[in-house]
1. Can you spot a residue in segment 135-148 that is farther than 19 Å from Val234 by Cα and at pLDDT 95 or above?
2. For residues that are of a type outside the set (S, T, N, Q) and surrounded by 24 or more Cβ atoms within 10 Å (Cβ to Cβ), scanning just segment 31-54, find the one that is nearest to Ala81 (Cα to Cα).
3. When segment 122-138 is examined, which residues are found to be more than 14 Å from Asp80 (Cβ to Cβ) and either assigned to a loop (DSSP other than H, G, I, E, B) or among the β-branched types (Val, Ile, Thr) (or both)?
4. Out of Glu66, Glu27, I need the residue that is within 24 Å of Pro224 (Cα to Cα), in contact (Cβ under 8 Å) with a residue 24 or more places away in the chain and acidic (Asp, Glu). Which one?
5. For segment 181-255, which fully contained helices (runs of 4 or more DSSP H) count at least 3 residues that are at pLDDT 95 or above?
6. Considering segment 151-172 alone, what residues qualify as being within 13 Å of the chain's Cα centre (by Cα) and surrounded by fewer than 20 Cβ atoms within 10 Å (Cβ to Cβ)?
7. Any residue in segment 85-100 that is closer than 30 Å to Val122 by Cβ sitting within a Cβ distance under 6 Å of a residue that is part of a loop (DSSP other than H, G, I, E, B)? List the pairs, counting only those 6 or more apart or interchain.
8. Go through (1) surrounded by fewer than 17 Cβ atoms within 10 Å (Cβ to Cβ); (2) farther than 24 Å from Leu79 by Cβ; (3) aliphatic (A, V, I, L, M) for Leu211 and report which single condition fails.
Amino acid sequence: MLKNVVGLVTGGASGLGKATVERIVREGGRVTLCDLPSSAGADLAKALGSNCVFAPTDITKVSDVEEALALTKKTFGRLDAAVNCAGIGVAFKTYNFNKNVPHNLDDFAKVLTVNTVGTFNVIRLSAGLMGQNEPDADNQRGVIINTASVAAFDGQMGQAAYSASKGAIVGMTLPIARDLASQGIRVNTIAPGLFDTPLLASLPEKVRAFLAKTVPNPSRLGNPDEFAHLVQHVILNHMMNGETIRLDGAIRMQP
């Protein structure tokens with residue numbers, strides 16, 4: 001149960017973030033749903049009731065994240081768990097020799113700005129609000145959970161930008177956990193494999209079926225609530241700290 005837990009979830013209007021928001025509320029917690037103003041976040045928050053509030057947020061903008069945290073404190077009085085699910089991706093090879101065109105540098109930078117810099121922006125500001133909490137009997141004040149990807153470890157062709165951005169999230173998990181240890185704030189990262197998110201839902205059924213078969217066991221796409229279930233466990237398990245957890249059915253991505 002997540003009774004009395006106050007969470008903040010970025011990318012909370014769809015996919016893994018949405019499942020996390022829904023689980024926190026279902027398990028008795030309260031949550032600030034952060035997503036872009038153009039998202040379905042406002043409607044989802046309204047449907048979930050008074051234990052969920054929507055904060056229109058671009059995670060790369062300092063003022064947006066500060067306002068989301070201010071809303072969290074005003075509405076719920078505290079912050080216990082920040083879950084970073086917001087992210088984007090592009091698919092380009094480093095160099096297209098058929099067209100004699102290199103990977104667009106602005107596209108590469110944008111992916112790293114959103115996925116890595118945006119995630120760190122939420123981490124650094126959320127830690128300040130968590131640090132105001134009174135520590136519990138285990139000297140704990142809160143937990144931060146990030147979303148990487150199996151692409152951080154075995155990225156495919158065309159995933160240079162995405163893999164770099166997710167690899168950076170993996171790389172900063174331990175040092176940030178060490179930075180915040182003295183305040184009783186834990187930091188962990190989940191690296192999901194192939195999950196049944198809106199991105200994959202847009203693919204033809206044949207493609208979805210093929211992708212599902214590439215997962216060794218269970219041989220299917222992950223359910224977003226399975227991701228959210230792991231988020232719940234990480235929130236509750238105080239010894240889980242400084243770690244990146246693959247959640248992928250034993251898949252190893254092929255070139």
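1. Checking segment 135-148: not a single residue is farther than 19 Å from Val234 by Cα and at pLDDT 95 or above.
2. Among those residues, the one meeting the criterion is Val31.
3. Result: Val122, Ile123, Ala137.
4. Criteria check complete, one pass: Glu27.
5. 224-236
6. Answer for segment 151-172, where residues must be within 13 Å of the chain's Cα centre (by Cα) and surrounded by fewer than 20 Cβ atoms within 10 Å (Cβ to Cβ): just Val170.
7. Within 6 Å, the pairs are Cys85/Gly11; Ala86/Gly11; Ala86/Ile59; Ala91/Gly158; Phe92/His103; Phe92/Gly158; Thr94/His103.
8. All conditions are met except number (1).
The values are calculated or read from the model by the stated rules, or taken from the named source; none is laboratory data. Note that the structure is predicted; figures quoted are calculated from it, not measured. Note: ideal-geometry Cβ built from the backbone for every residue, glycine included; neighbour counts use all protein chains shown.
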